[in-house]
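The block underneath contains the structure these notes are about, expressed in structure tokens.
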Amino acid sequence: MILQSEIRPARKRARFLPALAIALGALGLFAAHDAAAQKITVVASGGIWLESAKQNFAACYKERTGSDPDILVLNSGEVINRIRANKENPSIHVALLSEIDAIRAGREGLLDKLDASKAPNLKDVPEVFRKQWDDYATIQNFGAMIVMYNKDKIKEPPKDWKTLIDNTIAGKYGNRVSFPAVTMAWGPQFTWFLTTLYNGSEDEVFAKYKAMAPNIAKYWVNPVDAINMFATKEVDILVYWDGRAYDFAKQNAWAGAYIPDPGAFQSAAMLAKVKNAPEASWQYIDCVLSPKAQLGHASMIKYPVVNSKVVYPDDLKAVLTPLEKVRQPEFLKFMDKIPAWIERWNKEIQ
Amino acid sequence: MMPNRFRLSTLAFLAPAVIGLLVFFIGPLLLNVEVSLREQGGGHGLAQYLRALGDAYYVKVWLQTIVLAACVTFFTLLFGYPFAFAIARSRGPVKGFLIFLIVTPLLINVVVRTFGWMVVLGRSGLINGTLRAFDLPTINMLGGWFAIGITLVHVMLPFMVLSIASALEGIDQALEQAALTLGAKPAAAFRYIIWPLSLDGVITGTLLVFSLSIGSFVTVMLMGNNRTMVLPVMVYQQLNLSSDWPFAAALGMVLLVTVLVISGIQLAIGRRLRRGQA
Amino acid sequence: MAEAASGLEAIQVSKRFGATQALGGVSLSIQAGEFMALLGPSGCGKTTLLRCIAGLIDPDGGDIRLGGRALKGVQPWHRDIGVVFQNYALFPHMNVAENVAFGLKMRRMKPAEIKAKVERALALVRMESFAARFPSQLSGGQQQRVALARAIAIEPVLLLLDEPMAALDAKLRGAMQLEVRELQSRLGITTVLVTHDQDEAMTMSDRIAIMSEGRIEQVAAPAELYLKPANRFVADFIGRSNQIVGNIVAAADGSLALQPDADAALRLPVPSTAPRQGRVLLMVRPEAIEILPGAVGVPAGMVGVQAIAADRIMTGDRISLYCQLGGLSLYGTLPSQAEKLAALPEKGAPVTLAWRESDAMVFAA
């Protein structure tokens, strides 16, 4: 058997004792971890987002409480599923959720209402960032979906969304365009945004999706995959997040990024306190919303933040999508349609 | 006395496995069945299953899922068998190198591996770059069944190759030589001796590859497009986008039953083949 | 069997595996219907030669001719050579009848013909009633019979047996040796047996080729090999012997004698065929040594020495008596019979060891 003779190392037994020692050590660590009662668990996105969470939010929390929070890198769906799994003793204390998951979590009673008496910095977060969520969550930072393009191939990028869509349908860019799919995590929001351009008609938007399909290289689902397609010049036009788009354009002379008229929809990361989470969670939320941490976060991730006391330096301001250019989706109006949209997307856009 | 005590101790040894199976497998499975039977009004019924099996689109997705896994299994077998043969027949460092070569895909994260294939298959990738260098038209190979298939075959190969190689290594080389001296040409020796005796490995390999590839979803999501919908991606969407747990659970059960039934058929065919060629 | 038996001729066959010269220009001629054994220690090249004949290995040089036809470039499946492999190599997924039918099926014979030939082959090895069994359900001896039936069912012009008895226990081995030999002579099929067991080779073969380090040392009938070994290797390899190394010296009367290295004071008689000087090896088989109690003197027509009896060792059918002669030890054997045992000298008693001059062998050392 090759499995035995070739792969299984002969030294296996010799390694058993050290492995046991490590395992016992790890058990000891877990025990010690249990003992530190007020340790809280929070969530961040990966990469630079995680770095920012450590440097800005966790640092502030450590300054105030003397302990480090555990930071998990999870997507919104995983976060809400984990909270649902153990409501009495949640394994996540401060959640980072998509807008819709935040609304669902609020409705399901998984969250505590945000309380300015416990997190004073909330007072400086304008109501618009919390209203649709009934104060169960607040936007932590937001971005917008804008257009990236290859300057070498696209001399005159279309000024507005409708022209982009019509040109794509007309095959003006070959099949080298990529839009987000409805099945992408923020796809339904983008779909809602397009309905606002077409008199609120879903049918018209789906007709456009369908008409564009032959000239779309790929309706993207995975953000890393999408930026890769653009970076490898697989596509010349990509609808993508503003922060990363500007950053990419800054580093690659051939790439450009702009906001087509009449602006873009706001997409946000929602911060929320999980019900039954320890009190210390409020400290972390207050930290996230503090002007200093908010500015630090914005400088690192290149997305606007929500504390009205934050003053951006000019070079940062240049790459942040201004609030007046973004429209906040009316989640309450369309969120119940999402399953139907996804089914329609799956069935119609082939 | 003796047999009784023996049986008790056997039970004691089995207990952790049985408990583990109950807690981590049967339990969640029953919960999943319960969720899949929930209906909108609050009662229980077969509504989710009727929705899944009564809609031409979902039936098509179900068939696509099966066909994808079957094709991946077929091509993995086609490419894997010769490779396994080479491993079984080589010795020393060459053998070590071949095994290393076949196991490498398992050492690489699925996302990284998939992106690797994007680099190869992409419009400015290896293949198209070569085509362009010879002034030939380029082909868009990304975002479709071809790209999914090639990526899945790549990652599934080690399972197939190692199963078959271990079966081939168990075959005494004297058997093949005996067949040759009895008048069998190499092709006949393969057909009548080596192939039937390696069937156990082939069956193990195809079962593994089929059940792994019918459940694969990261690769399908990254390499596919909206046309290349399969059940696992569907389940993911229902969970994460539509938040429709009962439907997701029902689709998951359909997938599970499909795998079980097809594996059963595969086993039966394998057994028949073995007997038939004896 | 239908086909006439063919003679086999190997001419200067050589084969090299890396740094090892497995066969160094081996020539061997086997007559039609003859039973030839290739005998030698492991690594002597006997199996390599067998595989060259079967076509499983291509020799580097030389020629092998079977019934006058050159085998060079003839694939194993076209050679019509039956092979019984060491562990029988029965196809585990086929039953006995299917195993025996395999070679016939490959020859695209009609099913009825195959059936008849399978039955006949199984009858020859008395395995008719086991046709439906699978190899795993058979004993070692039964598997061996099936392997033999499978090899002869194709009516080969040559039968090769590769250590066919190695996996059998001693009793069964003896019975099978006789049975195979009997079958071979009944079928008159030319047969080559590879073995490292000299008893087996002697029991079964017409002639034996002794091999060592890729060459043939001697080809002869068993009795000749035993009694007239061509060289020191053969003499040493076949049977047992007293071996004394020393120098040839001239005695006072001008006759020649051996001065053993082990005790320079001794002088042993050597046959008149011995070289007149130099280092030699004197070999006397123990059963050729007559053991006479007491210092009675050497009988007429024999040569011998006076010694002191030491240990006796019982080895079943024979008993060995070791004797001390200065620094030298010699031994002789007797059949294990009560009266012979009773007559043996006690330990420490003087004894006379005598042998015929013609029973002593001398080789250059």
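The values are calculated or read from the model by the stated rules, or taken from the named source; none is laboratory data. Only a predicted model underlies this, so the values are computations on that prediction, with no experimental measurement involved. Neighbour counts run over all protein chains shown; Cβ positions are idealised from the backbone, glycine included. These accessible areas exclude ligands, DNA and RNA; they are computed on the full protein's heavy atoms, side chains included. Shrake-Rupley method; radii C 1.70, N 1.55, O 1.52, S 1.80 Å.
Annotations
- Shielding of B:235-248 by partner chains, average beta-carbon count, 10 Å: 5
- Whole-Hz Karplus values for the range C:178-190 come out as 5, 5, 5, 4, 5, 5, 4, 6, 5, 7, x, 8, 4 Hz, taken residue by residue from phi with 6.51 cos²θ - 1.76 cosθ + 1.60 and θ = phi - 60°; glycine and proline positions read x.
- Number of partner chain Cβ atoms within 10 Å, mean per residue of A:331-343: 2
- Accessible surface buried upon B-C contact (total; probe 1.4 Å; Å², nearest 100): 1900
- Helices in chain B, meaning DSSP H runs of at least 4 residues, each add -39500 (n - 2.57). Divided by all residues, the mean residue ellipticity at 222 nm is -25500 deg cm²/dmol.
- Given charges at beta-carbon only (K, R positive; D, E negative), |dipole| of the range C:133-289 in Debye: 120
- Prolate/oblate/rounded call for the range A:44-89, Cα gyration tensor, a/c under 1.5 rounded: oblate
- The Cα center of the range C:290-309 and the Cα center of the range C:196-266 differ in position by 23 Å.
- For the range C:203-242, the square roots of the Cα gyration tensor eigenvalues, ordered a ≥ b ≥ c, give a/c of at least 1.5 with a/b no greater than b/c, which places it in the oblate category.
- Extension gain, A:Ala340 to A:Met300, is 10.7 nm, computed as 0.36 nm per intervening residue step minus the present C-alpha separation.
- Sequence-distant residues sharing a close amide H with A:Val43 (under 5 Å, placed H): A:Leu72, A:Val94, A:Leu96
- Here's the picture: charge each Lys and Arg Cβ at +1 and each Asp and Glu Cβ at -1 in the range B:1-117, and of B:Phe74, B:Ile99, B:Val111 the one pushed furthest to the positive end of that dipole is B:Ile99.
- Tensor-based shape of chain C (alpha-carbon gyration tensor, a/c under 1.5 rounded, otherwise prolate or oblate): prolate
- Solvent-accessible area of B:Asp135 with every protein chain in place, 1.4 Å probe, in Å² to the nearest 10: 140
- Potential extension, C:Arg65-C:Asp261 segment - 0.36 nm per residue separation minus Cα distance: 65.8 nm
- Per-atom-type breakdown for chain A gives carbon and sulfur 54% of the accessible area (1.4 Å probe, protein chains only).
- FRET efficiency for B:Val257 and C:Arg120, using Cβ-Cβ distance with R0 set to 51 Å, rounded to 0.05: 0.40
- Shielding by partners for peptide C:77-84, expressed as the average number of C-beta atoms from other protein chains within 10 Å of each residue's C-beta, is 4.
- Solvent-accessible area buried by B and A, counting both chains, probe 1.4 angstrom, square angstrom: 2900
- Listed residues B:Ala56, B:Ala174, B:Ala268, most fluctuating in chain B (Gaussian network, C-alpha, under 10 Å): B:Ala174
- Surface accessible to a 1.4 Å probe, C:Cys44 within the full protein complex, Å²: 0
- Listed values for the range C:213-228 are Karplus-derived 3J(HN,Hα) couplings in whole Hz (6.51 cos²θ - 1.76 cosθ + 1.60, θ = phi - 60°), namely 6, x, 10, 9, 8, 6, 10, 6, 5, x, 5, 5, 4, 6, 8, 10, and x replaces Gly and Pro.
- Whole-number percent relative contact order across chain A, with pairs defined as alpha carbons under 8 Å at least 6 apart: 26
- Relative contact order of chain C, pairs being alpha-carbon contacts under 8 Å that are 6 or more residues apart, as %: 16
- When peptides C:106-117, B:11-22 are sorted by average Cβ neighbour count within 10 Å, with the highest value leading, the order is C:106-117, B:11-22.
- The Cα center of the range A:127-168 and the Cα center of the range B:216-278 differ in position by 36 Å.
- Whole-Å distance, taken between Cα centres, linking the range A:82-121 and the range C:78-107: 75
- Nitroxide proxy distance, nm - points 7 Å out along Cα→Cβ at A:Lys292 and C:Val296: 12.1
- Summarising the label geometry, the points placed 7 Å from Cα in the beta-carbon direction at C:Ala112 and B:Phe134 lie 5.9 nm from one another.
- Mean separation of Cα pairs under 8 Å and 6 or more residues apart, divided by the residue count, gives the range A:40-134 a relative contact order of 28 percent.
- Chain A: most fluctuating residue of A:Ala249, A:Ala137, A:Ala85 per GNM, C-alpha cutoff 10 Å: A:Ala85
- Solvent exposure of the range B:186-278 amounts to 39 Å² per residue of accessible area, where only protein heavy atoms count and the probe is 1.4 Å.
- Listed residues C:Val84, C:Val298, C:Val157, most fluctuating in chain C (Gaussian network, C-alpha, under 10 Å): C:Val298
- The protein assembly as shown - Cys residues lacking any other Cys C-beta under 4.7 Å: B:Cys71, C:Cys44, C:Cys52, C:Cys323
- Whole-Hz Karplus values for the range A:236-247 come out as 9, 10, 9, 8, 8, 5, 4, x, 5, 5, 4, 4 Hz, taken residue by residue from phi with 6.51 cos²θ - 1.76 cosθ + 1.60 and θ = phi - 60°; glycine and proline positions read x.
- Above-threshold pairs, the threshold being 23 Å between Cα atoms, out of A:Lys131/A:Lys250; A:Lys250/A:Lys317; A:Lys113/A:Lys325; A:Lys172/A:Lys333: A:Lys131/A:Lys250; A:Lys113/A:Lys325; A:Lys172/A:Lys333
- Here the label points at A:Lys87 and A:Asp124, each 7 Å from Cα along the C-beta direction, are separated by 3.6 nm in the simple model.
- Beta bridges by DSSP in the protein assembly as shown, antiparallel share as percent, to the nearest 5: 75
- Over chain A, DSSP H runs of length four or greater, each weighted -39,500 (n - 2.57), average out per residue to a 222 nm ellipticity of -11500 deg cm²/dmol.
- Legend: distances between Cα atoms for A:Lys162/B:Lys60; A:Lys54/A:Lys233; C:Lys15/C:Lys46; pairs beyond 23 Å are A:Lys162/B:Lys60; A:Lys54/A:Lys233.
- Acute angle (nearest 10 degrees) that the helix A:16-35 long axis makes with the longest principal axis of chain A, alpha-carbon atoms: 80
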